[in-house]
Structure formats: structure tokens, C-alpha cells
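Participant: There's a structure below that I have some questions on.
The values are calculated or read from the model by the stated rules, or taken from the named source; none is laboratory data. The structure presented is a predicted model; accordingly, all values stated were derived computationally and were not measured. Here the Cβ positions follow ideal geometry from the backbone for every residue, glycine too, while neighbour counts run over all protein chains shown. Heavy atoms of the whole protein, side chains included, go into the accessibility calculation; ligands, DNA and RNA do not. Shrake-Rupley method; radii C 1.70, N 1.55, O 1.52, S 1.80 Å.
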Amino acid sequence: MRSNVFNKKEFVSNVKDNLKNLYRKTLDEANQQEIFQAVSTTVKDEIMDRWLATQQTFEKDDPKTVYYMSMEFLMGRALGNNLINLCAYKEVKEALEELGLDLSVIEDQEPDPALGNGGLGRLAACFMDSLATLGYAAYGCGIRYRYGMFKQKISDGFQVEVPDNWLKDGYPFELRRPEYCYEVRFGGNVRPEYGEDGSMKFVHENYQSVLAIPYDMPIVGYDNNVVDTLITWDAQAKEVFELDSFDKGNYEQAVAQENLARNLVEVLYPNDNHVAGKELRLKQQYFFVSASIQRALARFKKHHDDIHDLPEKVVFQMNDTHPTVAVAELMRILVDEEGLGWDDAWNITTHCVAYTNHTIMSEALEKWPIEIFQRLLPRVYQIVDEINRRFLIEIENRYPGNEYKKQKMAILWDGQVKMAHLAIAAGFSVNGVAKLHTEILMNQELKDFYDMYPQKFNNKTNGITQRRFLAHANPLLADWVTKHVGKGWITDLSQVAKLAPYAEDPKEQQEFMEIKRKNKIRLAKYIKEHNGIEVNPDSIFDVQVKRLHEYKRQLLNILHVMYLYNQLKSNPNMDFYPRTFIFGAKAAAGYRNAKLTIKLINNVAEVINHDPDIQGKIKVVFIEDYRVSNAEWIFAAADVSEQISTASKEASGTGNMKFMLNGALTLGTMDGANVEMYDEVGADNIFIFGMSAEEVIAHEQHKDYNPMEIYNNDPDIHKVLNQLIDGTFSANDKELFRDLYNSLLSNQGGKIADRYFILADFRSYANEQQKINSYYRNRKAWAKSAILNVAHVGKFSSDRTIQEYVDDIWHLDKITVKMDRI
Ligand SMILES: *Cc1c(COP(=O)(O)O)cnc(C)c1O
């Protein structure tokens, strides 16, 4: 495999050796999991040479390095992706076939390392792939959760959460590095200590500590020998548990440390765009941030004597506010441990940290009660307090006497630590993740901060990696693209623009649709196996897969399905192209309306799929346990991509881009990156509906939206909503969906009726759906639009996004890794 010279014979013999060494088994005796481990170990060996060479290049060239700090990395499976990036996928597939083995079955043995919830975590994973592929020195910094995102089972239509013990068989693509462990301290108190020279320092005492142990995962760049690193931190008790210790104090201390360490990394919080405000979560944040900064500084100091040079070599990107305690932790280390003065330390810190905002929704903004923060991190809190004090002086200087500004912008206010304010006060860059989102930040949500620091604000529209979401996910389409434009798209997605002329070619249209059909058959088989539902690959595959959230409006989608069902029941001969509505979504375990929406989708599916009047024209499928691995198959098979969030609520979306890359047509609102997709692909090749962000925000401000009016005046909507409470889809249990009905029509407990404007957008959504129905009948037109979607997806590669981060924020040096260095 080295330098693309792949030797099948050697590979096979290495796999056999690994089976022998790992399990003392021959190929005939081994099961698929054991074969997966042996194949992965063989691939890891191949990666190791490049990883070593990359590290040696770092040592020699000392490039500026980004530390991408994120609570979540939704990596998805590594084996297939690593083979793609090593340019060895096809060769390995063939080599295994000669042994009677199926690579896709072997890939299926790998657990999805699901150390993330959804878009934010997947973005971090795409960014790592692009960083390595573009040849930049990068460390992802996160947490090695014992239990990642829960597995979702559907039982009687309800979501059931099952723990995801992803490490139970051992994970082959990680390396434990106990030699790079660091201590992280919690609790205790701070005591000033005066030196004989009159100097003063703060001593942190009576704390509890844990050891942070890094596990490195290789991030293989595409065909360039670069292997970056994702560091996931595990926690361990610092004091060795001595069973023969009879000293009560020691014993309790040791037990407490063990418990702290175990709890810290036990589980990922399964909330997406919503904070739970749990103390353990703040512990997790400080734990991985402190360890990551300590490692970054240790690496820096190996080559540099003067800590003032840190900003020239190190940048910390904070993925949302989750790692924002980094600001204070870096200050603490610079002041307390490096002995710098405040201004000096602040100057360094504010040139090293940058912040990415991911949402404007208030329920997702992190605010910690000062009581918790101070008790858990007493010294860090003192530093936040001082940052806040100086920040308020800055505001006073800028807006003399303006108390209102101070209230709105303070980092500490009303008994809370406001993490976003800390991130903006300290970060040298504040970016949104799509054009519209950044505009809303600058003009509304963060306007006060923008007025004060306009130079900090910038946009970086999200992207996705075409290596995973086309090369690996959709080999048939990938080959078709390569046939027409060459292989360059794999590292330069803008080259797909050269596909545009083929959009008009009937033969290519035919071929494109044939590929889509094969991918639909592949997904239909998966659905048959996992759901027991037959779906028709010649129907329109209309797909909404993403986290379940009210703002993403899965409810709008399923209410529309109910509406179509009513139409078809009363008019069986109406113009209707067969449609398969596919859903996939996990709901946070405590999110009641989200879980109820899953139940509704499943109940509607149960009724419609078995109603003979419908003659199979509508099928509804809820795919269990939506995750990166099945997502890859789903995108490849989609005709219609549902991106129907309430305008202004979805910061960017990245699922939308994965669908576009695979030639699905978007049905969406003018929200997030949909706006830019519209600009790229043109109005003829996308279906847009609903209120604009401006209109939504105006209604929110004026509080003048009344969904009851729509309910009373639109008989179709009236009927659909009544079906939520008349037992049509709940075996006569009229109360089951009452909460959903109420959420649309009545104000309750601070939540206003239909706060996501489902009824307001319903008619315009139904109209666009009707247009899709007609448009799909024109196969040539549809194929043309689908091809044009692929041809205009270039902008949405995470390679483009990362290059913009590098040019505007990080200013990294490109590295070249030569294999003869080892
Ligand atoms: C891309 C992706 C997401 C994000 O989807 P959105 O539609 O942007 O919310 C969530 N989960 C998985 C598994 C993904 O691959």
C-alpha cells in the first residue's frame, strides 16, 4: 500500500499473521469480528509508517498547529474510510474476495465510534479529514466516552435507548499513550501566598484530581502520507488504589478519585442544540480542555523557550462554547505556572483562541450557575471574574454610563457564567457557520458584540468530506463522476462543475438514474432486513434524516403525509406518484415532544402501510438507529432531501450538503446553508418554500402569529390536526398525541403555540411537494436537475471550509510528508 503500491499477497499474508497473533486462529476458524480486527490491524500497521513520518515532519518543520477542541467527534467507521484515503479500497476488496471474504461484511463488524450527537460532532470529523488531506498539522481534542451516543431501538413505535458499549471488542484504530498523561484538578480552595520579596501567588489546595490519559486515533489524509491525530482523553484515578491500605483517609480519597474518573468519561450527553446544565458536564469540559492545553503547551515548549511566541505556533479553535473554559485555563497556566503578568498572559491568550458559534437558540446557550462553577473550579473562576471585571471596564470606556450594555454583555451576570460572552471577549475570531447564520449573529443575536468588535466576526460556511460521503458511500456514482471529470474531485470538489454539460445528455441522464435506482435497491434491502417493510425502488425516496428536534420540523413532514393520505383516501385516482417517506432520527432521552413525534411517525406508518385503499402508493419508513454508517447508504439512495427547519433556526445544516453531493433535490426553507445551495444550484433545481428568516424573526418580535386562525380556516389542516386526537393513528387512544396537538394550538407554560410555525408554512410546503410530484414524472428534467445538483456542490466540501479557516483565522503552514524519512 505504501505510495499506492499495493501488494495483495503481502496484505493477505499479514491478515493471516494478525489472526494468528491476535487469536491463534486460521482464517477458517475465525469469525467475522476477528477477521475485522485482523484486517484493521493490518491497515493500522500500514498507517503507522505514515503517522511516524508525519510526526517526524512536525519535529523537523515545526509547523503552526491547530488544536480543534470539541466535546464531540462523530467519526463513523474508520476501516473503509482509511482504505479510501490510503487509495487501497478496491485492492483490499479484491484481495479479500480471493479469500472468499466480503469487505462490506467486514466493515459492518466495526462499531460506529459515536462520540457525538449530530451535525456539530460530524462537522468536527469532516474537518479532521480535510485538515489531514490538505496537509495541515492538526490535533482534534475530545473525550473518549465509554458510552457514546445511545443505540436506538424502536419498540411498539417508541424509541428505546440502549447503551452503546462501543469498546467491548476493543477498538483497533486507537493507541493508548500513558506517557503523555496530565493531572486535572477539581474543587478545593485557593489561598494567597506571599513571598519574602512581597510577591503574591495563589495556591490551589484540598482539590481532587484525576489523570487524563490520551488515546490517539490516526486521521489519514487522502493519498498524501499525512496522518494527523485525534486525541480522545480517558480519565484515571491518580492515586493507585491500594487495597491493603487501612488508613481511612486514604481509602476514601482513593475511592472518591476512582469514582470521579469513572464518571467523568462515562457517557456523552445525548442532547443536540440543548443544554442540560449538569455539573458533570462542566467537569467533562474542564477535564478535556485542561488536558489538551497542557499537551499543546508541552509540545510547544519542546521547541521554544519563549512562551510569548505561542500564537505563532498554536491556535485553539473552540467548537461551540463547550470548550470555552479554555480561555480561563490558558490564562491560569500562563499566570500561575508560567509566571506571566496578567496583560502579557491576556495578550497571548487572545491571540491563540478562536470561537465558532453554532446556534442562536436560547436553549442551547451555555450558562453555568456561578455557584457550581466556583465550587468546581475555584481558581479558574477567579480568573473568569477578573476577565469579566476588565471587560466591563472596556464596555464602560466604550459606552460611558451605559448600564444596559453591561448587563447584556457581561460574562458574569445574574448568578451565571455566560460562556458565549467569555468566548467572544477572548477570542480573536468569532465565526458563524453559514452566510445567513453569520448575518443573524451580527445583526441580531450578537449585535452588541459585533458593534464593539466588528473585526472579530467572520463567516465560514460548513462543508462535508466528499471522501466519506461520495467516494466511500456511493461507489457507483463516484465512478461515474470520475469517468467524466477524472479523479481530481476527490481532493478538489470544485472540479465536479465539469459535469454540468452531461446534465443535458439523455444517455448520461439514463445512466445517472440507473445508478440512483441501484442505490435505492441497496437501501430497500436494508429496510426490508431491518424494518420488514417492502418498499418500491421506483417510488420517490423522500428522506428526512437528522436529529429529532422541533425546529427541524419532522412534525411538518409527517402531518403532510397524513394530509396526503386523506387526499388519496377521498380521491383514489388523483395524480399521485408513488412515494416512500423515509425518516431517521434520534431524540434526546428526555425530550418528550421529540419522542412523541417518533411514535407518531411509526403509528402513521403502521396505518398507511397496511391500508389497502392506498395500494402501496405511500410507504412510511422509520429507520432505526440513524448513524453515520447507515447515513452513507441513505444519502446515496435519496431522491428528495427534506431540509425544512423553521427559517433562522438551523445554523447551517450539513445533511443538506451530503444529499446534494449524492444527487438528491432539496426541498427546503431559506435557512442555514440551504440559502447558499439555492445560490449555487439555481432556482430551477431546488424546491423552496415557507417564510423567510426575516419574516419569522418579525413574527417572534411582534408576537402576532396565531396558528388557531389557520386551523379554523383551512379544513385540510383542521382535519389533520384533529386526527391527532381522534384516535385515527393511535388505535383509538385519543390522549396519546394530545401534547403534539396542544403544542401547535395552545400556549402553555412559557411556550407559545406552534413556535416553529408549522401551520404557517404548511400550505406552501404542500404546494412544493405537489410540484415535486409532477416534476418527477418528467424523468429527463429530474435527472438533469439531479446531475446539476452534483455539478454545483463544489462549494460544500469541508476542504473549502478548512482552507478558509486556514487563510482567515489559523494561518497554518502546509506540510509535505516524505516516506523516505523513516
Ligand atoms: C450529517 C449528519 C448529521 C447532521 O445532519 P443535519 O441534517 O445537518 O442536522 C447528523 N447525524 C449524522 C449521522 C450525520 O451524518
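Participant: Using a basic spin-label model with each label point 7 Å from the Cα along Cα→Cβ, how many nm lie between ILE521 and ILE752?
Facilitator: 5.2 nm
Participant: Give the carbon-plus-sulfur fraction of the accessible surface of the chain in %, rounded to a whole number; probe 1.4 Å, heavy atoms of protein chains only.
Facilitator: Summing carbon and sulfur atoms, their accessible area is 48 percent of the total for the chain.
Participant: Excluding ligands and nucleic acids, what accessible area in Å² is computed for HIS699 using a 1.4 Å probe, to the nearest 10?
Facilitator: Using a 1.4 Å probe on the heavy atoms, I get roughly 60 Å².
Participant: Shifting gears a bit: As I understand it, the dipole of the chain uses +1 on the Cβ of Lys and Arg and -1 on the Cβ of Asp and Glu, about the Cα centre. Which of LEU736, TYR222, GLY432 lies farthest toward its positive end?
Facilitator: LEU736
Participant: For a test of the definition: using alpha carbon positions, the gyration tensor, and the 1.5 limit on a/c, classify the chain as rounded, prolate or oblate.
Facilitator: Working: a/c = 1.65, a/b = 1.24, b/c = 1.33.
Taking the square roots of the gyration eigenvalues as a ≥ b ≥ c, the chain is oblate.
Participant: Moving to a separate point now. Amide H to amide H under 5 Å from TYR147: which residues, 5+ apart in sequence or cross-chain, H placed 1.01 Å off N in plane?
Facilitator: VAL267, LEU268
Participant: Sticking with this structure for a sec: Between region 732-765 and region 341-390, how many Å separate their Cα centres?
Facilitator: Rounded to whole Å, the Cα centres lie 38 Å apart.
Participant: Sticking with this structure for a sec: How many angstrom lie between the C-alpha centres of region 178-197 and region 43-98?
Facilitator: Cα centroid of region 178-197 versus Cα centroid of region 43-98: 37 Å apart.
Participant: On a full-extension model of 0.36 nm per residue, what is the gain between CYS87 and ALA276, subtracting their alpha-carbon distance, rounded to one decimal in nm? Could the numbers behind the result be given before it?
Facilitator: Working: separation 189, 0.36 × 189 = 68.04 nm, distance 4.27 nm.
Working it through step by step, the gained length comes to 63.8 nm.
Participant: Still on this model: Considering only DSSP beta bridges where both residues belong to region 466-796, give the percentage that are antiparallel (nearest 5). Each step should come with its number before you reach the end.
Facilitator: Values: 1 of 20 bridges.
In region 466-796, DSSP labels about 5 percent of beta bridges as antiparallel.
Participant: Can you tell me the order of 511-523, 269-281 when each peptide is scored by its average per-residue count of other Cβ atoms within 10 angstrom, highest first?
Facilitator: Working: 511-523: 19.1, 269-281: 17.3.
Top of the packing list down: 511-523, 269-281.
Participant: Right, next: I want to make sure I understand the PRE zone here: with the label point 7 angstrom from the Cα of GLU205 toward its beta carbon, which residues in region 148-184 have backbone N atoms less than 19 Å away?
Facilitator: Correct set: none at all.
Participant: What fraction of the Cα pairs in region 466-796, stated in percent, has a spacing above 28 angstrom? Numbers along the way, then the final one.
Facilitator: On the way: 21415 of 54615 pairs.
Roughly 39 percent, rounded to a whole number.
Participant: With a 1.4 Å probe and every protein chain left in place, tell me how much accessible area ASP62 has, in Å² to the nearest 10.
Facilitator: 40 Å²
Participant: Oh, and also: With labels modelled as points extended 7 Å from the Cα through the Cβ direction, what inter-label distance (nm, one decimal) is found for ASN250 paired with ALA298?
Facilitator: Distance between label points: 2.6 nm.
Participant: For LEU175 and ASP538, FRET efficiency with R0 = 45 Å and r from the beta-carbon atoms, rounded to 0.05? Show your work: numbers first, answer last.
Facilitator: Details: r = 48 Å, r/R0 = 1.06.
Calculated transfer efficiency: 0.40.
Participant: Moving on to the next point. Antiparallel versus total DSSP beta bridges in the chain: what percent is that, nearest 5?
Facilitator: Numbers: 38 of 82 bridges.
About 45 percent, rounded to the nearest 5.
Participant: While we're here: Using only helices, what value at 222 nm comes out for the chain when you add -39,500 (n - 2.57) per DSSP H run of length 4 or more and divide by the total residues, to the nearest 500 deg cm²/dmol?
Facilitator: On the way: 31 runs with 372 residues, N = 822.
Calculated at 222 nm, the ellipticity per residue is -14000 deg cm²/dmol.
Participant: Another one. Given the peptides 616-623, 42-49, 714-721, arrange them by the average over their residues of other C-beta atoms within 10 Å, most packed first.
Facilitator: Values: 616-623: 21.8, 42-49: 18.8, 714-721: 16.5.
Top to bottom by mean Cβ count within 10 Å: 616-623, 42-49, 714-721.
Participant: In square angstrom, rounded to the nearest 10, how much accessible surface does SER797 have for a 1.4 Å probe?
Facilitator: The accessible area comes out at roughly 0 Å².
Participant: Considering Cα pairs under 8 angstrom that are at least six residues apart, work out the relative contact order of the chain and quote it in whole percent. Mind showing how you got there, number by number?
Facilitator: Details: 1515 pairs, mean separation 117.4, N = 822.
Relative contact order of the chain: 14 percent.
Participant: Please work out the FRET efficiency for the pair GLU312 and ASP197, using the Cβ-Cβ distance as r and a Förster radius of 35 Å; give the result to the nearest 0.05. Could you put the intermediate results ahead of the total?
Facilitator: On the way: r = 32 Å, r/R0 = 0.92.
Computed FRET efficiency for GLU312 and ASP197: 0.65.
Participant: In what sequence, largest accessible area first, do TYR776, TYR194 appear using a 1.4 Å probe? Could the numbers behind the result be given before it?
Facilitator: Working: TYR776 10, TYR194 155 Å².
Greatest to least solvent exposure: TYR194, TYR776.
Participant: Still on this structure, please answer the following. For each pair in LYS9/LYS520; LYS153/LYS528; LYS16/LYS528; LYS313/LYS405, compute the distance between the two Cα atoms and list the pairs where it is over 27 Å. Show your work: numbers first, answer last.
Facilitator: Details: LYS9/LYS520 35 Å; LYS153/LYS528 16 Å; LYS16/LYS528 35 Å; LYS313/LYS405 35 Å.
Where the Cα-Cα span goes over 27 Å, the pairs concerned are LYS9/LYS520; LYS16/LYS528; LYS313/LYS405.
Participant: Another question, if that's okay. Quick check: with the 1.4 Å probe, what order do GLU735, GLU394 take by accessible area, largest first?
Facilitator: On the way: GLU735 110, GLU394 80 Å².
Descending order: GLU735, GLU394.
Participant: Another question, if that's okay. Taking the Cα centre of the chain as origin, sum charge times position over the Cβ atoms of Lys and Arg (+1) and Asp and Glu (-1), and report the length of that vector in debye to the nearest 20. Numbers along the way, then the final one.
Facilitator: Numbers: 96 positive and 117 negative charges, 286 e Å.
Approximately 1380 debye in magnitude.
Participant: Fully extended, how many nm does the chain gain between LYS8 and GLU396 (0.36 nm per residue separation, minus their Cα-Cα distance)?
Facilitator: On the way: separation 388, 0.36 × 388 = 139.68 nm, distance 6.97 nm.
Full extension of this stretch gives 132.7 nm more.
Participant: Quote the relative contact order of region 466-796 in percent (integer), defining contacts as alpha-carbon pairs under 8 Å separated by 6+ residues. Don't skip to the answer; put the middle values down first.
Facilitator: Working: 534 pairs, mean separation 74.4, N = 331.
Here the relative contact order equals 22 percent.
Participant: Rolling a 1.4 angstrom probe over the protein heavy atoms, how many square angstrom per residue are accessible across the chain?
Facilitator: Working: 31350 Å² over 822 residues.
Result: 38 Å² per residue.
Participant: Additional query: Evaluate the distance, in nm, between pseudo-label points positioned 7 Å from the Cα of LEU27 and of ASP704 along their respective Cα→Cβ axes.
Facilitator: Calculated label separation equals 7.4 nm.
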